[in-house]
Each structure stands twice: as C-alpha cells, then as structure tokens.
Amino acid sequence: MRKGVALFEFACLIVMMGCARSGCDNEALSEDVSPDGHWKYVSFDRNCGATTGSNLQISVLPASKSLPSGAANAFIADDNQSATRFVAQPQWLSSRKLRIAYSPKARVFKKEASVGPIEIEYVQEP
C-alpha cells in the first residue's frame, strides 16, 4: 500500500512539474524601434504545442529589453483557422503612437489601447 501511495505521489509531482512549465515557444518575426529610440515593438509567433495553433502576437517594450518568454502585452490574434493569410502589421506613427493594422477575418484575443506611455491605434485592413 505504501509503495502505491508513493508511486501516486511521484506521478502527481511529475504532472505538476509539467504544468508549471509553459511549453510555449516565442519566435520573433520582426522588431522596430520607435522614432525616439526609447521603445520598440516585437511581433512574434507563439506556439504552445501540437494541440494549439500558432498565433501572431505583438509586444511593446523599452528598447533595451529583450522579448520575455510569456504572451504579448499589446495584441494577440490568429488566422481564424486559415480564414486569412494576413493577420496583423504594426507601424510606428510617432514616438508614442503605434498603429496595428489587422485583418477583419483574424480572430482577435487581445487588443490593448495602450502599453505604458505608448498609445495603440487599431485599423482593420482587408
């Protein structure tokens, strides 16, 4: 009986360790620094394994920082099961304003109005 309990506890520990690890990979696609050089956006593909599709994410960061391993802080969308080839494209309008053009066919999960001092404007483009 003790052996069975110990084996069960060990199995639970292994499962919990697996859940604690995100299992997601971020692959940077593009990066661009704001006109004043203080901020940057990074657009990246985040893949969390075989049971999830990849998606396009955009983070806004201080220019000196590298992309964290987590999800984006500004925008997250996917191609809506291949409904569109174009998902989104960011562009600096000024040192404190970023425009994100995205497809009306994209499935949007996150759309922040600002990140820190950076205002984000969204436009749908076919």
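The values are calculated or read from the model by the stated rules, or taken from the named source; none is laboratory data. Bear in mind that the values here come from a model prediction, so they are computed numbers and not experimental data. Cβ atoms come from the backbone with ideal geometry, glycine included; neighbour counts cover every protein chain shown. Ligands, DNA and RNA are excluded from the accessible area calculation, which covers all protein heavy atoms including side chains. Shrake-Rupley method; radii C 1.70, N 1.55, O 1.52, S 1.80 Å.
Evaluate the charge dipole of segment 18-115 about its Cα centre and quote only its size in Debye, nearest 20, assuming +1 on the Cβ of each Lys and Arg and -1 on the Cβ of each Asp and Glu.
Computed charge dipole of segment 18-115: roughly 280 debye.
Counting only protein heavy atoms and a 1.4 Å probe, tell me what percentage of segment 39-100's accessible area is made up of carbon and sulfur.
Carbon and sulfur atoms account for 45 percent of the accessible area of segment 39-100.
Quick one: grab the alpha carbon gyration tensor of segment 44-117, order the square roots of its eigenvalues as a ≥ b ≥ c, and give me rounded if a/c is under 1.5, else prolate or oblate depending on whether a/b is larger than b/c.
The shape class here is oblate.
Would you rank Leu61, Leu67 by solvent-accessible area, highest first, keeping every protein chain in place and using a 1.4 Å probe?
On the way: Leu61 15, Leu67 50 Å².
Putting Leu61, Leu67 in descending order of accessible area: Leu67, Leu61.
Among the lysines, which fall within straight-line cross-link reach of Lys65, defined as a Cα-Cα distance under 23 Å, with same-chain neighbours fewer than 8 residues apart omitted?
Lys40, Lys97, Lys110, Lys111
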